[in-house]
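Report on one structure; see the data block that follows.
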């Protein structure tokens, strides 16, 4: 019983260190759950939450988008054990499935980001002056960084490289199953009108948050965690639990709302027009 409770409360990073095959159990669980849910909906004749489209439904999209962004925020919160146990793992898993990444990948990569913040070779998403380039690197580096996280623990050997190649394929198809399950549960209309656009915009927002709060506008490429609290960043801090007070977060990672901390580093002022043009020219 103690082992079972630990499985559902311990963060994935710790479980990966305990078992080389953690990801296979993890992906296997989600694959089995998705198949069971799809089979159940087909057995009972369920076809989604919206039968007929009405344009008035678009008024709900801001609410859906806000909820989706909050899911990214709370996945981030849960990677740092900011909620009482066992809620970090439970809330993190739920929100991770909503945003499609699943919690384990989010948490393992993010712990590495804090360990090697803005290291151009080891950070999963080192900052670049170009947002679009950073967006591409943010996505392109993820799988390789997951491999490296495993190699750091178990060694970069031919055997481990083979296992990781298999794990990548298993994880990919499990991710596809998660997407198909959301399509089946929500139905075609809700999936394409609300869920998919919300997830994609949420990803763009998440990447922009990481980009802006690591001083991306610096003309000297002085990329580092900074506190932002001007303009729409101030509104973002109020709506999303202080996420733009990122220097505070890097200093005290387990605080739920970094905006509640007295900043030990100054709030970075808005970039000047010259700084923005300089950053763009570097891109």
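Tabulated results
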{"quantity": "Fewest-first sequence of 93, 56 by Cβ atoms within 10 Å of each Cβ", "calculated": "56, 93"}
{"quantity": "Over the range 89-153: Kirkwood hydrodynamic radius from C-alpha pairwise inverse distances, Å", "calculated": "12.4 Å"}
{"quantity": "CD proxy at 222 nm, helix term only [per DSSP H run n ≥ 4: -39500 (n - 2.57); per residue of the chain; nearest 500]", "calculated": "-19500 deg cm²/dmol"}
{"quantity": "Mean-position separation - Cα centroids, the range 37-94 and the range 153-205, in angstrom", "calculated": "15 Å"}
{"quantity": "Unit Cα scatterers, Debye sum, the range 136-242: log10 I(q)/I(0) for q = 0.11 Å⁻¹", "calculated": "-0.61"}
{"quantity": "Residue order, fewest to most beta carbons within 10 Å, for 98, 64", "calculated": "64, 98"}
{"quantity": "Linear extension gain, residue 208 paired with residue 154, 0.36 nm per residue minus alpha-carbon span", "calculated": "16.1 nm"}
{"quantity": "Rule-of-thumb Rg ratio for the chain [Cα; 2.2 N^0.38 Å; N residues]", "calculated": "1.06"}
{"quantity": "Kirkwood Rh in Å, taken over the range 1-110 so that all alpha-carbon pairs contribute", "calculated": "15.9 Å"}
{"quantity": "The range 76-192: projected area of the alpha-carbon convex hull, averaged over directions, in nm²", "calculated": "9.1 nm²"}
{"quantity": "Radius, Kirkwood style, for the range 24-70 when every pair of distinct Cα atoms is counted (Å)", "calculated": "13.6 Å"}
{"quantity": "Projected label distance in nm at residue 57 and residue 42, using a 7 Å step from Cα toward the beta-carbon", "calculated": "2.3 nm"}
{"quantity": "Using a Förster distance of 22 Å, the FRET efficiency for residue 256-residue 9 (Cβ separation, nearest 0.05)", "calculated": "0.75"}
{"quantity": "Relative contact order, percent, the range 1-147 [alpha-carbon distance under 8 Å, six or more residues apart]", "calculated": "20 percent"}
{"quantity": "Average Cα contact separation per residue, the range 177-251, under 8 Å, 6 or more apart, as relative contact order %", "calculated": "20 percent"}
{"quantity": "Most mobile of 78, 95, 34 in a GNM of the chain (Cα contacts under 10 Å)", "calculated": "34"}
{"quantity": "Spacing of the two label points (7 Å from each Cα toward its C-beta) at residue 235 and residue 141, in nm", "calculated": "3.0 nm"}
{"quantity": "Taking the chain and dividing mean pair separation by its residue count, relative contact order in percent (alpha carbons under 8 Å, at least six apart)", "calculated": "22 percent"}
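Values quoted throughout were computed directly from the atomic coordinates according to the rules given, and no laboratory measurement underlies them. Everything quoted here is computed from the prediction, not taken from an experiment. Methodologically, a virtual Cβ is constructed for each residue, glycine included, from the backbone with ideal geometry; neighbour enumeration extends over all protein chains shown.
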